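Please read the structure below before turning to the comments.
The values are calculated or read from the model by the stated rules, or taken from the named source; none is laboratory data. Computed from a prediction, not measured in an experiment: that's the story for all the values here. With ideal geometry, Cβ positions are generated from the backbone for all residues, glycine too; neighbour counts draw on all protein chains shown.
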C-alpha cells in the first residue's frame, strides 16, 4: 500500500510539474497550437479589464479576484493595452495560416482583421473624445456599478465599496489621458463640453441617498434573503455606501467638472472629424472600422441620397393614404406621431404601459419565427426603462447583452424620458431591432456557441451587428408582423433614419456640414422628434462612421441573401441562410461574404 501511495505521489508531482510547464509554455512563449494561442490572447486581454470580467461573468464566483477593481484608464494603461494588441497581432501572424483547416482560418482571419484595425487606429488615440455626452467615465462607470456589478452576498457588497473608493483614481487617470489628448489639439465639440458639464453637475448635486449608486445598491441588498444577511449588516453597508459617494465619488466628479470648465473656452464651435489633426485620415479609418469595407465617404454619401429618395417615396404613399399630402415627409410623420391614439400618457403609469407593450411585442414575435429560424437563443430578453440619470442624452433604445452564466438576461432598454418621442407606430421596429430577432438573437446566439474559440463569441464588428439589427426589422415585416400600414410606416421611418445617416455622417465629417445643417436634413426627412434628432446628430459628431454601419451592413446581408436565392433556387432555405449568418459569431462583411459563398457552393454540390 505504501508503494502505491508513493507512486501516486510521484505521478501527482509529475502531473503538477507538467501542467506548470505547459502553462509557462503557453503563457510566456508561442503556444504550439493556435487554439491555445486564442485562449491565451483572450485571457491576457481579460486580465487587463476587471470591468469586462464582471460584465461577462465567465469566472466562477469562488475565483472572483477582480470584483474589487476597475480598469486602468491612465496613459500608461492605454499604452499597455496597445502593446498587448500589437504583440498579439505579431504572434498571430507568426502562425502558418495555410497549415490550418478552413474553419480555423476563419478564426484567424477575423482576429487578424480586428487587430489590424485597432493597430491602424492607434494613430488617432483619443480622437473618440473619451468623455462625451453619450459615454465616458462620468456615465458608464455609474451605469456599470448599477447594472453590472452584482451584490448577492457580503463579499460582493465589500467589492462594491472597494470599487467606489477607486473612483478618484479612475477619474484622475481619465483626466491625465484627456490632458494629453488636448495638448495634441484633440478638442471636443462645444456642445459636448456643455452637455457633459450639465450631466456631471446634476449627478454630483444629487443627495447621496438619492444617487443611483446608493439606490441600486439598496435594491440589490433587499434581494438577499434575510437568513443570509442580518438587518444590522445591511444598514452598515448602506451607511458605508453613502459615505463613499460623499467622500470618493462626488469629489471625483468635481475634479472632472473643473477640468471641463477649463476646457470650455477652447471648445468654440462644432466641427466634424475633418477639423482634427489629420482628420481626413481619421475619418477614413472610422469608415473602414465601422463598415468593414473599403468604401469611400463620397460613394456612401451618394448611396444615402438615393436611398432617402426611394424610402421617401414609399413613406409618401402611406402618408397620402392617411390623408396627409402636404409638407415634408418629416412634418407629416410627426403629425401622425402627435395623434392621441399613438401616444402613451407621459406619466409613470404611461411609461410602465409603454414598457409592458414592448415586452408584449417581443413575446409575440418570439412565438412566430419557426419558418425563419431553427437556431434560437436559450437566454431570454427583458424590457426595462433606461435609468433616469442617463435618459437625457441616451438614444430611444439600446440593447445590453446577458451574462454568460445566465444570471442576467439580455435587456432592451427603452427611453421613457418623454413618451411622445416613442409613438406607438414605431414600437414594433424598435423592439425587433434591439430584441427579437435583432440584437438579442444575434448576440446571444453567438455567446451560446460552443464550437468556436471564445474570442469569436464576443468579438464585435459594427456593420455585422447593426446591419443584422436593421435586417431584422425588415425580416419581421416580410414575415407579416407589421401588416398595419402605420406599423410599416414606422419600419420605413427607421429605414429612412439609417439612409439619412449615410448622408449626414459623411456630410459632417467629409463635407464640412454644420451641426444645424445636419439637424435640418434629418428632421425634414425622418419625422423624428426634435430632441431625438439633436441627440442623434450630436452622437454622430463624437462617434464618426458608426452610423454608417447599419445601412451598409443590411445592404450586404440582403445582397448575400438574394445571391443565395438566385444560385440555389428550390434548395434555398431561409433558416439555413440565417444559420450561416448567426452561428459564426460577428464577422467583417468581407468574411461574411466568403462564408455565404462557401455555403452556396456546398449546397449546390450536395
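Applying a threshold of 6 Å to beta carbon distances and a minimum spacing of six or more residues, or different chains, the list of pairs starting in region 249-262 at a residue that is within 14 Å of residue 174 (Cβ to Cβ) and not assigned by TED's automatic domain parsing to the domain that holds residue 173 and ending at one that is modelled with pLDDT under 95 and surrounded by fewer than 18 Cβ atoms within 10 Å (Cβ to Cβ) is empty. Being modelled with pLDDT of 95 or more, surrounded by 18 or more Cβ atoms within 10 Å (Cβ to Cβ), in the same structural domain as residue 468 (by TED's automatic domain parsing) and under 15 Å from residue 475 (Cβ atoms) holds for only one residue in 431, 414, and it is 431. Within region 60-101, the set of residues being assigned to a helix (DSSP H, G or I) and either touching a residue at least 60 places away in the same chain (Cβ under 8 Å) or touching a strand residue (DSSP E or B) at 6+ places or on another chain (Cβ under 6 Å) (or both) comprises 75, 77, 78, 91.
Somewhere in region 296-315, is a residue assigned by TED's automatic domain parsing to the domain that holds residue 413, in a loop (DSSP other than H, G, I, E, B), within 24 Å of residue 509 (Cα to Cα) and touching a helix residue (DSSP H, G or I) at 6+ places or on another chain (Cβ under 8 Å)?
Quick first cut of region 296-315, residues assigned by TED's automatic domain parsing to the domain that holds residue 413 only: 296-315.
Applying the additional criterion that residues be in a loop (DSSP other than H, G, I, E, B) yields 296.
After this cut, where a residue has to be within 24 Å of residue 509 (Cα to Cα) as well, the list is 296.
After this cut, where a residue has to be touching a helix residue (DSSP H, G or I) at 6+ places or on another chain (Cβ under 8 Å) as well, the list is 296.
The answer is yes, given that some residue of region 296-315 is assigned by TED's automatic domain parsing to the domain that holds residue 413, in a loop (DSSP other than H, G, I, E, B), within 24 Å of residue 509 (Cα to Cα) and touching a helix residue (DSSP H, G or I) at 6+ places or on another chain (Cβ under 8 Å).
If the condition is being surrounded by 20 or more Cβ atoms within 10 Å (Cβ to Cβ) and either within 21 Å of residue 276 (Cβ to Cβ) or more than 25 Å from the chain's Cα centre (by Cα) (or both), then region 196-205 contributes only 196. Going through (1) over 27 Å from residue 137 (Cβ atoms); (2) surrounded by fewer than 21 Cβ atoms within 10 Å (Cβ to Cβ); (3) at pLDDT 95 or above one by one, residue 465 falls short only on (1).
When restricted to residues that are under 13 Å from residue 399 (Cα atoms) and without any contact (Cβ under 8 Å) to a residue 60 or more places away in the chain, region 434-471 contains 4.
Matching residues to (1) at pLDDT below 95; (2) within 23 Å of the chain's Cα centre (by Cα):
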{"position": "455", "(1), (2)": "yes, yes"}
{"position": "474", "(1), (2)": "no, yes"}
{"position": "487", "(1), (2)": "no, no"}
{"position": "521", "(1), (2)": "no, no"}
{"position": "537", "(1), (2)": "no, yes"}
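Of the residues making up region 314-342, just one is surrounded by 13 or more Cβ atoms within 10 Å (Cβ to Cβ) and more than 16 Å from residue 489 (Cα to Cα), namely 327. Any residue at all in region 197-219 that's farther than 26 Å from residue 394 by Cα, modelled with pLDDT of 95 or more, out of contact with any helix residue (DSSP H, G or I) (no Cβ under 6 Å at 6 or more places or on another chain) and part of a helix (DSSP H, G or I)? No, the conditions are met nowhere in region 197-219.
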